[in-house]
Amino acid sequence: MARLPYVDPAEAPPAVRDALENTPPLNVFKMTAHASTAFRPFLRYGGTLLARLELVSSASLGKGRKYAIVAILAVAAFITPPDPISQIGLALPMYLLYELSILSVKWVERSRAKTQAQEATDGAGAEEATDVATTSADEPAEKTGA
């Protein structure tokens, strides 16, 4: 089995020692927070905007979930260092934002259906009001004409 070379900071040359001391520590939590902040507007509000424009539905987002997971993992692998824990730490918030975008699209669809149902009942109420006005206007003419 091959062994990876390890540079002991005490035995390293001064240039390597300075480089190791000046290297910032990898903070997975900060990286996750930055990635979440970077992708939140698109995943959350982009989905809602596309749903309002009727370009995407919650059913299509649900059907594309497996492709979204692969894409999210690919983006996380590209952005993060080759550490699986940091890749998963970045992919999980992005996947949660994807699920939140599905929920927001469902909310938009539900509110759209509610307004359409309300407009349909308002339109039916306006037609009934016109029918009542027409019959009440016709009735006196019939009574006087007979």
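The values are calculated or read from the model by the stated rules, or taken from the named source; none is laboratory data. Predicted model, so just to flag it, every value in this text is computed and none were measured. Backbone-built Cβ (ideal geometry, glycine too); neighbour counts: all protein chains shown.
In the range 79-107, the residues that are within 12 Å of residue 61 (Cβ to Cβ) form Cβ pairs under 8 Å with partners that are outside any helix (DSSP H, G or I) and of a type outside the set (Phe, Trp, Tyr), at six or more places apart or across chains, as follows: 105/56; 105/57.
Where residues in the range 55-89 are modelled with pLDDT of 85 or more and of a type in the set (Ser, Thr, Tyr), which of them is farthest from residue 109 (Cα to Cα)? Looking at the filtered set, the residue picked out is 67. Across the range 64-110, the number of residues qualifying as of a type outside the set (D, E, K, R), loosely packed, with under 13 Cβ neighbours inside 10 Å and outside any helix (DSSP H, G or I) comes to 2. Within the range 110-134, the set of residues being among the charged types (D, E, K, R) and at pLDDT below 85 comprises 122, 127, 128, 131.
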